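A single structure is presented below for examination.
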Amino acid sequence: MRVLELFSGLGGWRCALGDRGRVLAAYDVSETANATYALNHDFEPRAKELATLPAQDLADLGADTWLLSPPCQPFCRMGNHRGLSDLRSRAFRHLMDLLPQAPPDRLVVENVTGFLGSDAHALLTERLRTLGMHQLDLQACPSRFGRPNLRPRVFIVASRKPLKPLPVPDLQPGPLAGFLDAEEDARLYLLPEVLARRHHGLDLVEPGDRRSTCFIGGYGRLFVGSGPFLKTDRGVRRFSPSEVARLLGLPAGFRFPESLSLEARYRLLGNGLSIPVAAWALDHL
Ligand SMILES: C[S@@+](CC[C@H](N)C(=O)[O-])C[C@H]1O[C@@H](n2cnc3c(N)ncnc32)[C@H](O)[C@@H]1O
């Protein structure tokens, strides 16, 4: 596969791709995402606004596969559900306009489950049908792939060739303990006065647990509904960015630019892909 990685973030699609193909170009408007991508993959994404990308730029690359994770906020359970009319969907709408001009042989769109049945889903389906491509709408969660973390996502997989759904694995998640850092960062612990104010409704898990809720981009500053907090003998703490990265299945040694704040690291991870789940979606192609 000769791949175009659109909304590339940390490079989750690149990690999932492995030796199935080669990324010809990655696009993301975020400087912090691009710096992290470049550090880990030795490859510079293009810092371009996708809502105004000229059709010729895509056509010139000669890619045969598009892998894209457009912003999910317009389709999120906790979002505004504005779908295509949300400004953050502009780039997706533009790419749907470009699709017939430089149609790839294969495409995968990843998003939150609220994408299914949305106007964006309907637009994509209509474009794929017009191009005569086959389409599968898949749903999966890393909790079925041996990861003790919930992150349900949809993958719209399309190809010129007929597609057949693969079974979703059913691997028992290991305990969270297997994903923790060897040495804890004491700064991740909540101060007693913060815990006293915030403990209500907090998703508390212990190292032996085999389940935890989804990390969202605001995990570094929010409490209830932002992700799990770990209860240990020492108190209650956030998971470290490297622990979140491990739960997502990013490669060992995945790192961030030194200068990147803790909040920014969580924001990038909260946008990220579960690598084993994305790899399973690619297995359909
Ligand atoms: C859901 S995240 C994708 C995460 C990615 N798949 C990963 O593995 O980290 C969406 C990304 O799209 C980028 N983005 C959002 N709107 C964009 C636009 N209009 N043009 C280019 N990039 C955009 C954001 O900066 C963010 O990194």
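The values are calculated or read from the model by the stated rules, or taken from the named source; none is laboratory data. Since the structure is predicted, the reported quantities are computational estimates derived from the model, not experimental observations. Note: ideal-geometry Cβ built from the backbone for every residue, glycine included; neighbour counts use all protein chains shown.
For the stretch 211-228, give me each residue that is outside any loop (DSSP other than H, G, I, E, B) and surrounded by fewer than 24 Cβ atoms within 10 Å (Cβ to Cβ).
GLY217, GLY218, GLY220
Can I ask one more? Please count how many residues of the stretch 104-141 are of a type in the set (A, V, I, L, M, F, W, C), more than 16 Å from THR65 (Cα to Cα) and more than 19 Å from the chain's Cα centre (by Cα).
Here the count works out to 2.
Consider ASP181 against the criteria (1) at pLDDT 95 or above; (2) in the same structural domain as SER240 (by TED's automatic domain parsing); (3) under 30 Å from ASP137 (Cα atoms): it satisfies all of them except one. Which criterion is unmet?
(3)
Let me ask something else. Picking from ARG151, ARG160, which residue would you name as being closer than 30 Å to ASP203 by Cα and either without any contact (Cβ under 8 Å) to a residue 60 or more places away in the chain or assigned by TED's automatic domain parsing to the domain that holds PRO71 (or both)?
ARG151
Would you check which residues across the stretch 10-40 are more than 11 Å from the ligand (Cβ to nearest atom) and more than 23 Å from PHE155 (Cα to Cα) and list them?
Hits for the stretch 10-40 are ALA35, ALA38, LEU39.
Follow-up question, since we're still on this one. I'd like to know if the stretch 61-83 contains one or more residues that are basic (Lys, Arg), under 18 Å from the mean Cα position of the chain (by Cα), outside the structural domain of LEU260 (by TED's automatic domain parsing) and within 12 Å of the ligand (Cβ to nearest atom).
Looking for residues that are basic (Lys, Arg), under 18 Å from the mean Cα position of the chain (by Cα), outside the structural domain of LEU260 (by TED's automatic domain parsing) and within 12 Å of the ligand (Cβ to nearest atom), one finds none in the stretch 61-83, hence no.
Hey, could you check the stretch 41-59 for residues that are at pLDDT 95 or above and within 24 Å of ALA281 (Cα to Cα) and say which is nearest to the ligand (Cβ to nearest atom)?
LEU50
Now, a different point. Scan the stretch 179-205 for residues that are charged (D, E, K, R), touching a Gly at 6+ places or on another chain (Cβ under 8 Å) and part of a loop (DSSP other than H, G, I, E, B) and report the count.
0
Kindly indicate whether GLU5 is modelled with pLDDT of 95 or more, more than 9 Å from the ligand (Cβ to nearest atom) and in contact with a helix residue (DSSP H, G or I) (Cβ under 7 Å, 6 or more places away or on another chain).
So GLU5 fails the test.
Next question, about the same structure. Looking at GLU263, GLU243, can you tell me which residue is at pLDDT 95 or above and either surrounded by fewer than 17 Cβ atoms within 10 Å (Cβ to Cβ) or out of contact with any helix residue (DSSP H, G or I) (no Cβ under 9 Å at 6 or more places or on another chain) (or both)?
Within the list GLU263, GLU243, the selection yields GLU263.
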